[in-house]
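Trainee: Dumping the structure here so I can ask a few things about it.
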Amino acid sequence: TAAGVVWGILTLYRYIFESGEKARITKRFSGYVDPVIVNILMEDPDRVHFDGEVREMTVVFTDLAGFTTISEKLQERTVPLLNDYMSRMMPIIRRNRGTWNKFLGDGIMFFYNAPVDNPNHARDAVITILQMQREVEAFNKVLLEQKLPKVAMRAGVVTGNMIAGDAGSIGENHEASDYTVLGDNVNLAARLESANKALGSRTLVVQKTVEMMGDDILFRPLARLQVVGKSEGVMTHEPMCLLAEATDTQKRLALLTREIVDAFIARSFNAVI
């Protein structure tokens with residue numbers, strides 16, 4: 001009887017200790033990598049192809065226009081403000097099944113359809129951006145209350161084949177890795193984010209992303225761009241809003257933009273004028 005009681009107590013203690021330790025590890029590393037990846041590693045490591053696999057995915061790069069001016073003014077006080085911004089954006093990304101990859105200063109890189117399958121990855125990415133843009137408006141109100149200039153979020157969104165896997169150093173004494181995505185389409189997304197500056201747009205997505213969407217999001221075509229590393233032009237579009245929420249002005253803007261872009265591509269320059 002005594003042996004049974006001791007065994008039961010030890011078993012219970014081990015269960016409680018291991019559960020607590022598992023929760024502690026999960027909480028700690030969820031701050032460095034996406035919780036989805038951490039949970040899969042803890043529960044079923046074989047579900048993630050860490051050696052690398054080619055998947056059709058959607059990747060997103062964002063950046064804050066105007067934040068450099070604020071950081072120069074606030075110096076070290078910039079950090080709490082940036083934390084506020086990131087704390088607003090991260091729940092939106094995760095709520096829409098995005099996998100956060102890394103912070104890039106005031107920018108964010110995240111992707112969809114890895115490590116967990118998501119057939120609606122293109123739509124989820126665009127919905128995420130629309131919701132993030134709306135949250136930026138709320139963030140700007142905070143900036144105005146502090147007598148700071150407004151900011152604008154730019155985004156580049158690309159859907160296509162990419163390599164998802166664990167990349168990094170495998171040295172015995174300096175092992176470090178990052179579950180990330182690689183490939184030309186990832187580079188393209190980063191370049192489209194920057195291309196918003198030239199076009200005066202907020203978000204640029206490729207044709208493949210638009211083709212995978214439903215009919216309930218209002219897009220307007222913007223330009224066929226040739227970015228560094230690409231021999232052919234890439235047709236880009238800007239998601240404006242959910243179609244059900246579109247105003248007559250937005251619908252007319254989308255229609256006129258399409259007519260202008262079509263005429264320009266057809267070299268009917270008089271029609272553009």
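The values are calculated or read from the model by the stated rules, or taken from the named source; none is laboratory data. Nothing here was measured: the structure is a model prediction, and the numbers come from that model. So basically every Cβ, Gly included, is an ideal-geometry build from the backbone, and we count neighbours across all protein chains shown. The accessibility values were calculated without ligands, DNA or RNA, using every heavy atom of the protein model including side chains. Shrake-Rupley method; radii C 1.70, N 1.55, O 1.52, S 1.80 Å.
Trainee: Compute the length gained on full extension between Glu56 and Arg134: take 0.36 nm times their separation in residues and subtract their Cα-Cα distance, giving the result in nm to one decimal.
Mentor: Values: separation 78, 0.36 × 78 = 28.08 nm, distance 2.77 nm.
Length gained, Glu56 through Arg134: 25.3 nm.
Trainee: While we're looking at this one, here's another question. So which trypsin sites (Lys or Arg not before Pro) in region 90-147 pass both tests, a DSSP loop state and at most 15 other Cβ atoms within 10 Å of the Cβ?
Mentor: Details: sites: Arg94, Arg95, Arg97, Lys102, Arg123, Arg134, Lys141, Lys147; in loops: Arg97, Lys147.
Those satisfying the criteria are Lys147.
Trainee: May I pose another question? For Trp7, Trp100, give me the order by solvent-accessible area with a 1.4 Å probe, most accessible first, ignoring ligands, DNA and RNA. Provide the component values of the computation, followed by the final result.
Mentor: Values: Trp7 175, Trp100 20 Å².
Solvent-accessible surface, decreasing: Trp7, Trp100.
Trainee: So which of Lys197/Lys230; Lys150/Lys197; Lys141/Lys208; Lys141/Lys251; Lys102/Lys147 end up more than 25 Å apart, counting from Cα to Cα? Provide the component values of the computation, followed by the final result.
Mentor: Numbers: Lys197/Lys230 19 Å; Lys150/Lys197 16 Å; Lys141/Lys208 35 Å; Lys141/Lys251 27 Å; Lys102/Lys147 30 Å.
Table pairs above 25 Å Cα-Cα are Lys141/Lys208; Lys141/Lys251; Lys102/Lys147.
Trainee: I want the local charge near Met213. Using Cβ-Cβ distances under 14 Å, sum +1 for each Lys or Arg and -1 for each Asp or Glu among the other residues.
Mentor: Here the charged neighbours net out to -2.
Trainee: Between Ser231 and Leu253, what length comes free when the chain is fully extended (0.36 nm per residue of separation minus the Cα-Cα distance, one decimal in nm)?
Mentor: Numbers: separation 22, 0.36 × 22 = 7.92 nm, distance 3.05 nm.
Contour length minus the Cα-Cα distance gives 4.9 nm.
Trainee: Taking 7 Å along the Cα-to-C-beta vector as the label spot, tell me the Phe264-Val142 distance in nanometres, rounded to one decimal.
Mentor: Label-label distance for Phe264 and Val142, simple model: 3.6 nm.
Trainee: Would you give the gap between the C-alpha center of region 235-265 and the C-alpha center of region 48-87, rounded to a whole Å?
Mentor: Spelled out, the Cα-based centre of one part sits 28 Å from the other.
Trainee: Using a 1.4 angstrom probe with every protein chain in place, what is the largest-first accessible-area order of Thr249, Thr78? Don't skip to the end; give the middle numbers.
Mentor: Values: Thr249 110, Thr78 15 Å².
Reading off the accessible areas and sorting them downward yields Thr249, Thr78.
Trainee: If you don't mind, there's one more thing I want to ask. List the trypsin sites (Lys or Arg not before Pro) within region 206-273 that DSSP assigns to loop and that have no more than 15 neighbouring Cβ atoms inside 10 Å. Intermediate values should be presented prior to the final figure.
Mentor: Details: sites: Lys208, Arg224, Lys230, Lys251, Arg252, Arg258, Arg267; in loops: Lys230, Arg267.
Those that pass, being in a loop and sparsely packed, are Lys230, Arg267.
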